[in-house]
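**Student:** First the structure, then my questions, so here it is.
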Amino acid sequence: MKLSKPPYSLNRHVLENEVRLDTYRSQGAGGQHVNRTESAVRLTHFPSGVVVVASDTRSQIRNREIAFERLQHKLRALNHVPKPRKPTRVSRGAKQRRLTAKKRHGALKRNRSADPDEY
């Protein structure tokens, strides 16, 4: 199995060149400061089409850091390649054990009834 490099880079310097950074006025808690400054940050990653938003704090710089962390988290999930499943078969011994258990269980049920010819 050949390991190839992930399709999307997680390096911060590379990401800064691949995204469009938009700032806008956020809504919510923060009072007058949040209503007057463009502290919310939206990052659009063009190669993957992922968009993340951060308007958690009153600081645009801190929101930018949070947005890049969220973008890296989403890209890490997109980079994950599941291991291919190898189909397996049930062994002969396992089949025999299952069938004998079924027969034993059926015999128990048959012995419970008043009329043995019922089943």
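The values are calculated or read from the model by the stated rules, or taken from the named source; none is laboratory data. Just so it is clear, the model here is predicted, and its values are computed rather than measured. With ideal geometry, Cβ positions are generated from the backbone for all residues, glycine too; neighbour counts draw on all protein chains shown.
**Student:** Can you pull out every residue in the range 45-61 that is surrounded by 15 or more Cβ atoms within 10 Å (Cβ to Cβ) and either part of a loop (DSSP other than H, G, I, E, B) or not hydrophobic (A, V, I, L, M, F, W, C) (or both)?
**Tutor:** Once the filter is applied, which keeps residues that are surrounded by 15 or more Cβ atoms within 10 Å (Cβ to Cβ) and either part of a loop (DSSP other than H, G, I, E, B) or not hydrophobic (A, V, I, L, M, F, W, C) (or both), the range 45-61 yields His45, Ser48, Ser55, Asp56, Thr57, Arg58, Gln60.
**Student:** Oh, and also: Quick one: would you say Lys109 is among the basic types (Lys, Arg), in a helix (DSSP H, G or I) and without any contact (Cβ under 8 Å) to a residue 24 or more places away in the chain? If you could, list the steps in order and put the result at the bottom.
**Tutor:** Numbers: among the basic types (Lys, Arg): yes; in a helix (DSSP H, G or I): yes; without any contact (Cβ under 8 Å) to a residue 24 or more places away in the chain: yes.
Criteria met by Lys109.
**Student:** Okay, moving on. Under 9 Å by Cβ, and 6 or more places apart or on different chains, what pairs join a residue from the range 72-101 that is surrounded by 10 or more Cβ atoms within 10 Å (Cβ to Cβ) and in a helix (DSSP H, G or I) with one that is at pLDDT below 95 and of a type in the set (D, E, K, R)?
**Tutor:** Filtered contacts from the range 72-101: Gln72/Arg12.
**Student:** Only one residue in Arg12, Arg25, Arg42 is more than 24 Å from His73 (Cα to Cα), modelled with pLDDT of 85 or more and either surrounded by 12 or more Cβ atoms within 10 Å (Cβ to Cβ) or in contact with a helix residue (DSSP H, G or I) (Cβ under 7 Å, 6 or more places away or on another chain) (or both), so which one is that?
**Tutor:** Working: Arg12 fails: more than 24 Å from His73 (Cα to Cα); Arg42 fails: more than 24 Å from His73 (Cα to Cα).
Of Arg12, Arg25, Arg42, the one residue that is more than 24 Å from His73 (Cα to Cα), modelled with pLDDT of 85 or more and either surrounded by 12 or more Cβ atoms within 10 Å (Cβ to Cβ) or in contact with a helix residue (DSSP H, G or I) (Cβ under 7 Å, 6 or more places away or on another chain) (or both) is Arg25.
**Student:** Examine the range 46-56 for a residue that is touching a Pro at 6+ places or on another chain (Cβ under 9 Å) and small (Gly, Ala, Ser), and state whether such a residue exists.
**Tutor:** At the first step, the residues of the range 46-56 found to be touching a Pro at 6+ places or on another chain (Cβ under 9 Å) are 47-48.
Retained after the next criterion (residues that are small (Gly, Ala, Ser)): 48.
Yes - at least one qualifying residue is present in the range 46-56.
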